[in-house]
Structures are given as C-alpha cells and as structure tokens.
1. Are any residues in region 293-313 outside any helix (DSSP H, G or I) and small (Gly, Ala, Ser), and if so, which ones?
2. Using the structure shown, decide if Ser366 is among the hydroxyl-bearing types (Ser, Thr, Tyr) and touching a Lys or Arg at 6+ places or on another chain (Cβ under 9 Å).
3. Among Phe102, Phe51, which is aromatic (Phe, Trp, Tyr) and crowded, with 21+ Cβ neighbours inside 10 Å?
4. Has region 345-362 got at least one residue that is of a type outside the set (D, E, K, R) and over 26 Å from Ile158 (Cα atoms)?
5. Can you spot a residue in region 270-284 that is touching a residue at least 24 places away in the same chain (Cβ under 8 Å) and touching a strand residue (DSSP E or B) at 6+ places or on another chain (Cβ under 8 Å)?
6. Here are some conditions: (1) more than 22 Å from the chain's Cα centre (by Cα); (2) surrounded by 16 or more Cβ atoms within 10 Å (Cβ to Cβ); (3) among the polar types (S, T, N, Q). Gln10 meets all but one. Which one does it not meet?
7. Is one or more of the residues making up region 156-170 of a type in the set (Phe, Trp, Tyr) and closer than 15 Å to Lys229 by Cα?
8. Check whether at least one residue in region 371-389 is over 21 Å from Glu237 (Cβ atoms), crowded, with 18+ Cβ neighbours inside 10 Å and either out of contact with any Phe, Trp or Tyr (no Cβ under 7 Å at 6 or more places or on another chain) or not small (Gly, Ala, Ser) (or both), and report yes or no.
Amino acid sequence: MLPRNFTEEQVMFRDAYRKFLEKEIAPHVERWEEQGIVDREAYTKAGEQGFLMVWPEEKYGGMGDKDFRFEQIIIEETANIFAGDWTNTLHSRLVGPYLTRFGNEEQLDRFLPKCVTGECILAVAMTEPDAGSDLAGIRSTARDMGDYWLLNGTKTYISNGINADLVIVAAKTDPENPRAMGLFLVERGMEGFERGRNLKKMGMKAQDTAELFFTDVRVPKANVLGDPKKGFHYLMEGLAEERLIAACGYIASAQKAFEITREFALDRKLFGKQLANFQNTQFKLAELRTEIDIAQTFVDACVASFNADKLTSEDAARAKLYTSEVLCRMVDEGVQLHGGAGYMDEYRISKMYTSARITRIFAGSSEVMKLIISREIFSDAFVSYVDRN
C-alpha cells in the first residue's frame with residue numbers, strides 16, 4: 001500500500017490512543033454487546049485523556065486542531081479493537097460540529113465543555129417512521145409560541161438515543177414550506193421528552209439505538225441552533241463530513257476483516273494443508289487486498305480535500321458508496337473462507353458480517369449515493385435539456 005500522510009504528532013497520537021483503547025475500552029466490548037449499550041464511562045474516560053473531541057478550541061477543552069486526520073486515526077483504531085459500536089465519533093465529529101457551525105457563544109459556553117469531557121453525550125434526531133433519506137418528508141413540528149417553541153413528533157433509529165444528554169432535533173417550523181425546519185437542542189429531563197425502547201438490531205449490538213418521543217416539549221428560544229427556518233440547509237452542510245466519517249470507518253473495518261481472515265487462512269488446515277495454500281484463497285484475498293488499498297487511497301485523498309475545504313458532496317458520496325460495498329464484500333468472503341466457523345459468533349467475522357449490512361443504508365443509502373453521483377455525471381445534459389425546452 002502507498003505511504004499515508006500522517007504527521008509525527010499524529011503518529012504519536014495514534015500510539016497514545018491505541019494504548020488507551022487497549023486499557024479502557026477493549027476489555028469491555030463483549031459485555032457492551034451483551035447488554036446492548038456502551039457504559040457512559042467510556043465517554044468520560046476518553047474525555048479525561050483528550051480523546052473524545054479534539055477539534056474544539058482550547059477554551060472549551062479541546063486541542064484546537066481541526067485537522068480531520070486526528071479523527072481518522074480515532075476511527076481506525078476504534079475499529080481495530082472491534083469497538084465500532086461505541087459511537088464516539090458520532091458524538092465528537094458528526095453531531096458536535098453542529099454546535100460550532102450554527103450555535104452562538106452562549107450555547108457554546110453552556111454545552112461544549114461538557115461535550116469535550118464526555119459528561120454530555122450527543123445525538124442528532126432526523127429519521128422518523130415515515131422519513132429516512134428524504135428529510136423534507138419529516139412530520140415533527142415546532143410552533144413558535146413567543147417565548148418558546150412547542151415541539152411535537154416521533155423519531156426512530158436514533159444512535160445514542162438512550163445515552164444522549166443533548167439531542168439535536170429536526171422539526172418543521174412552517175407548514176407552508178416543506179423545507180423550512182429548525183434544529184432544536186432538547187436536553188435530558190425536559191418535560192414531554194421521552195425515550196422508547198432500546199431497539200434490537202441485526203448487528204452493532206452495543207450501540208444504543210432508540211425511539212424518541214416529543215409531546216408538547218417547551219424548547220426555550222435559547223435552545224435553537226441558528227435560523228429556525230434554515231435547519232434543512234444546515235443538515236445538508238454536514239452530510240459530506242458525515243459520509244467521509246462513514247467511509248473512514250468502513251474501510252478501517254474492511255482492513256480488520258481482511259486481517260482476521262488472513263490469520264484464519266494461515267491457521268486453518270484443509271485436506272492436509274493450510275487454507276492459505278489454496279489458489280482460490282490466494283486469489284480472493286489478492287482481489288480484496290487490492291480493493292481495500294485503492295479505497296483507502298481515495299478516502300485519504302478525500303480527507304485531504306476536506307482539510308482544504310474542497311471536499312464535494314459527489315466525492316463524499318463516492319467514498320461512502322464504494323467503501324460500504326468493499327466492506328460488505330470483504331466480510332462476505334471472510335465468512336465464506338472461515339467456513340462453518342464464520343457462522344459462529346465466537347468468531348469475530350460473524351459479528352462483523354451482520355454489523356456491516358447497515359453501511360449501505362445509513363448516512364444515505366447506496367441508492368441515494370448513486371443518485372448524487374449520477375446528477376454530477378449528467379449535469380451538463382440536464383442543463384442543455386432545460387435550455388432547449
């Protein structure tokens with residue numbers, strides 16, 4: 001694989017974070033999977049050592065370094081110890097930036113320091129029973145009551161739904177305009193805010209995923225992010241980064257699945273010789289090694305573009321689409337090469353297989369990614385057609 005462009009400081013950061021994971025996180029992963037939720041202490045322990053939110057300014061407790069490669073390292077090392085269900089990056093880099101992008105100084109002072117320490121766990125609530133990728137189709141509403149907003153609605157499949165102390169909730173604010181929505185900061189304990197069950201899932205067993213219910217929740221005006229009619233545009237601004245986060249995680253998981261499959265192939269004996277000595281095994285892993293390396297190179301290029309503020313929605317969509325497909329191919333072949341053992345949860349490849357399936361759905365389904373990419377491919381043709389007609 002081609003050399004990767006990490007600084008000396010980032011290499012040291014990786015080493016320190018890896019040691020933290022080995023001591024504080026890895027020993028608990030199987031227990032979290034069994035109980036269906038990660039202990040809150042995982043967040044506070046990461047916060048204590050500066051591994052939770054590294055990008056906020058020092059006055060809020062962060063490092064003040066916005067280089068995405070730090071988060072890329074966190075994503076890769078977290079996947080390496082099979083702790084991807086711990087949605088630390090969702091908290092730190094997917095939801096957290098909404099506060100700094102659209103929040104005011106009072107909101108930053110009130111919430112951000114505790115987010116950095118892990119005392120305040122974050123979630124974002126967009127998906128509803130009848131609205132997933134189509135955000136314009138959400139039915140949750142917020143009515144301006146003068147001194148506050150009255151929030152009503154139901155959200156589902158919300159990651160960190162049980163653990164979250166602060167939830168950014170998307171809701172319609174103008175019945176005449178389907179894209180007029182606000183982002184509301186709903187805090188744990190607000191009257192009318194209730195959590196449903198911790199949903200049972202095919203994979204990602206340790207990630208708490210819940211239904212959230214909002215019944216006449218009085219949200220103070222001080223808990224609105226930015227303009228209460230521009231929430232749709234705010235959410236769109238964060239999608240490229242969300243898909244880059246996803247791509248980094250998917251390719252890191254594919255790399256780990258490759259490693260454990262290679263190790264199994266070296267250990268497993270079949271007809272008197274190692275599984276690794278069969279040409280089929282060699283060819284399958286050669287193909288996957290190539291796909292993973294090519295995908296990693298593209299993801300690294302996207303990270304560089306993001307750091308330069310040049311990452312396009314189309315490139316982010318390509319990265320998310322391709323890495324999810326590579327991961328799903330890798331875990332499928334991994335299970336196949338493990339044989340019957342691959343179907344047993346005592347072998348990690350089995351859990352990786354079931355957890356990988358969601359990657360082609362969340363952060364925008366593969367079909368939506370293809371739609372975004374195809375619009376760029378045919379954009380000139382569409383413009384010409386409109387001009388002619």
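1. Correct list: Ala308 only.
2. Here the answer is yes, as Ser366 does meet what is asked.
3. Result of the check over Phe102, Phe51: Phe51.
4. There is at least one residue in region 345-362 that is of a type outside the set (D, E, K, R) and over 26 Å from Ile158 (Cα atoms).
5. Yes, region 270-284 contains a residue that is touching a residue at least 24 places away in the same chain (Cβ under 8 Å) and touching a strand residue (DSSP E or B) at 6+ places or on another chain (Cβ under 8 Å).
6. All conditions pass for Gln10, except number (1).
7. There is no residue in region 156-170 that is of a type in the set (Phe, Trp, Tyr) and closer than 15 Å to Lys229 by Cα.
8. no
Coordinate-derived values only; no laboratory data. Keep in mind the model is a prediction, meaning the values are calculated, not measured. Heads up, the Cβs are rebuilt from the backbone with ideal geometry, glycines too, and the neighbour counts pull from every protein chain shown.
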